[in-house]
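The values are calculated or read from the model by the stated rules, or taken from the named source; none is laboratory data. Predicted model, so just to flag it, every value in this text is computed and none were measured. Every residue, glycine among them, receives a Cβ derived from its backbone with ideal geometry; neighbour counts consider all protein chains shown. The area values use the complete protein model at the heavy-atom level, side chains included, leaving out ligands, DNA and RNA. Shrake-Rupley method; radii C 1.70, N 1.55, O 1.52, S 1.80 Å.
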Amino acid sequence: MALDITWAVDWVRRSAAVISEHRVELLTLDREIGDGDHGENMDRGFQAVLPKLDDLPAGSTPGDVLKLVATTLISTVGGAAGPLYGTAYLKGAVAAGPATSLDGAAIAALLAAARDGIVTRGKAEPGDKTMIDAWTPAVDAAEAAANDGGSAADVLAAAADAARSGAEATEPLVARKGRASYLGERSAGHRDPGAQSTALLLQAAADAANAAAGA
């Protein structure tokens, strides 16, 4: 089953809900190795997107939804997260194009484009203890699932599982990028907040896909 605008809108609504639910957790993670504002910034950004969903014109596509998220996050989210996530959603929108529905291969391509946008913007690599440590395994898992003929929901489930494991795997790493890198060895033992928010957002995408499949 391919995913359409109903899924995309549900993904955004679920994203706003899960970020709000985990706002304090993200704040705490960022307070340990960063500026301490990641949860607040992400919550503000997604809450700002919600009312705009009701104003989407008839005939809008999943790509239009992603572009709306991108522009809103860029304009409302402070710190590094706004430009990075904004770029991710914008590149994902470009990959989705004008399609009204997305199959497994299209979802995998969307996620890869989002990850590549973050890499281009932030210059991070796997192992640097950033959100890329969640995004890269998620993309690899998504592409493997798509190559195996998996549905869009299958692809997102694989991506979400890999992102969650990737976020957990940042805990022992020493940060080489971002504010956390200033701490050196002291950054080890803490989960990267951007990797954790990535895992939450991709799980929201997978949950929305499961809901669409059960509709």
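Inside the stretch 108-132, can you point out the residues that are part of a helix (DSSP H, G or I), open to solvent by 20 Å² or more (accessible area, probe 1.4 Å) and under 16 Å from ARG176 (Cβ atoms)? Walk me through how you get there before you give the answer.
First, the residues of the stretch 108-132 that are part of a helix (DSSP H, G or I): 108-122, 132.
Add one more test, that the residue is open to solvent by 20 Å² or more (accessible area, probe 1.4 Å), and what stays is 109, 113, 115-116, 119-122.
The answer is VAL119, GLY122.
Just to verify a result, which residue in the stretch 140-184, among those that are at pLDDT below 95 and small (Gly, Ala, Ser), is farthest from the chain's Cα centre (by Cα)?
That would be GLY184.
Pull out all pairs, ordered by first then second residue, where Cβ-Cβ is under 6 Å, the residues are six or more apart or on different chains, the first lies in the stretch 26-45 and is assigned to a helix (DSSP H, G or I), and the second is of a type in the set (Asp, Glu).
HIS38/ASP30
Of the residues that sit in the stretch 60-75 and are in contact with a Phe, Trp or Tyr (Cβ under 9 Å, 6 or more places away or on another chain) and surrounded by fewer than 21 Cβ atoms within 10 Å (Cβ to Cβ), which one is farthest from ALA99 (Cα to Cα)?
Going through the stretch 60-75, the residues in contact with a Phe, Trp or Tyr (Cβ under 9 Å, 6 or more places away or on another chain) turn out to be 62, 65-74.
Filter once more, so that each one left must be surrounded by fewer than 21 Cβ atoms within 10 Å (Cβ to Cβ): 67, 71, 74.
Details: LYS67: 13, THR71: 20, ILE74: 24 Å.
By that ranking, first place goes to ILE74.
I'd like to know if the stretch 10-25 contains one or more residues that are over 26 Å from ALA153 (Cα atoms), surrounded by 24 or more Cβ atoms within 10 Å (Cβ to Cβ) and of a type in the set (D, E, K, R).
Checked against the condition, which is being over 26 Å from ALA153 (Cα atoms), surrounded by 24 or more Cβ atoms within 10 Å (Cβ to Cβ) and of a type in the set (D, E, K, R), the stretch 10-25 yields no hits at all.
Looking at the stretch 147-191 only, could you name the residues that are among the charged types (D, E, K, R), surrounded by 15 or more Cβ atoms within 10 Å (Cβ to Cβ) and assigned to a helix (DSSP H, G or I)?
Of everything in the stretch 147-191, those that are among the charged types (D, E, K, R), surrounded by 15 or more Cβ atoms within 10 Å (Cβ to Cβ) and assigned to a helix (DSSP H, G or I) turn out to be ASP154, ASP161, ARG164, GLU168, ARG179.
For the structure I just gave you, tell me whether LEU102 is touching a strand residue (DSSP E or B) at 6+ places or on another chain (Cβ under 9 Å) and more than 21 Å from SER165 (Cα to Cα).
When the stated conditions are applied, LEU102 passes them.
Restricting attention to the stretch 113-132, does a residue exist that is in contact (Cβ under 8 Å) with a residue 60 or more places away in the chain and over 22 Å from TRP11 (Cβ atoms)?
Yes - at least one qualifying residue is present in the stretch 113-132.
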